[in-house]
1. Just the number, please: carbon plus sulfur as a percent of the accessible area of region 83-138, 1.4 Å probe, no ligands or DNA/RNA counted.
2. Under a Cβ-only charge scheme (Lys and Arg +1, Asp and Glu -1), can you give me the dipole magnitude of region 107-146 about the Cα centre, in debye to the nearest 20?
3. Order C33, C90 by their accessible area, 1.4 angstrom probe, all chains in place, largest first.
4. Please list, ordered by chain and number, the residues whose modelled amide H lies under 5 Å from the amide H of T88; skip anything fewer than 5 residues away on the same chain.
5. All other residues with a Cβ under 14 Å from the Cβ of Q132 taken together, and with Lys, Arg as +1 and Asp, Glu as -1, what is their net charge?
6. Which residue, S100, P80, T57, has the largest displacement toward the positive end of the dipole of region 57-111 when charges sit on each Cβ (Lys, Arg +1; Asp, Glu -1)?
7. Please calculate the 1.4 Å probe accessible area of L142, with all protein chains present, and give it to the nearest 10 Å².
8. Percent relative contact order of region 36-154, based on C-alpha pairs within less than 8 angstrom and at least six residues apart?
Amino acid sequence: MTVNLTLLSGCLAPPPFEGVGRPAPPGALPGTCWDTLIEPARVETITEQVMVSPPDTAADGSVTKPAVFATETRQEITRPRKETYFQTPCPDAMTREYVSSLQRALAARDLYQGEITGTLNAETRAAIRSYQKDIGIDSASLSLRGARSLGLSAVVVDR
């Protein structure tokens, strides 16, 4: 059984950006790692009263038969689904030492109160999300922008 699984795993294509498993945006440099923010579509249910038949009126203007109305309900997309890519540090950079530095940087900003373990636990991810909300990234995955603003990743300077 193990031999068969090993043979089958060789048939599967590696993810587009190995280690992350998500496709990169068009034009992304090879060897870069990405994640996405997915903002679901907002769908609203709209209920309206529509006139099925108008009222009948006499010559003097009096109503002989009232109008007939029906309730119609429909759903309308008020905001389409939105997918936004953001660059992340690649998995090979996320060493125990790097994550420990991340935890210390978040603790210095009063966002992380746990032990410095060097592991991306739930408390660390919650602190990452809290930190990144201020820079417009509502994700528990560390963005490269967030890592750079924390002083954890090198900043590329254009010359």
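1. On the way: 1470 of 3150 Å².
C and S fraction of accessible area: 47 percent.
2. On the way: 5 positive and 5 negative charges, 31 e Å.
The calculation lands at about 140 debye.
3. Details: C33 5, C90 25 Å².
Largest to smallest exposure gives the sequence C90, C33.
4. Long-range HN contacts for T88: C33, W34, D35, L144.
5. +3
6. Checked the options; the winner is S100.
7. Near enough 10 Å² of accessible area.
8. Values: 172 pairs, mean separation 27.4, N = 119.
Reported as a whole number, the value is 23 percent.
The values are calculated or read from the model by the stated rules, or taken from the named source; none is laboratory data. Everything numeric in this text was worked out from a predicted model, so none of it was measured. FYI the Cβ positions are ideal-geometry reconstructions off the backbone, even for glycines, and counts take in every protein chain you see. Quick note on the areas: whole protein, heavy atoms, side chains included, nothing else; ligands and nucleic acids left out. Shrake-Rupley method; radii C 1.70, N 1.55, O 1.52, S 1.80 Å.
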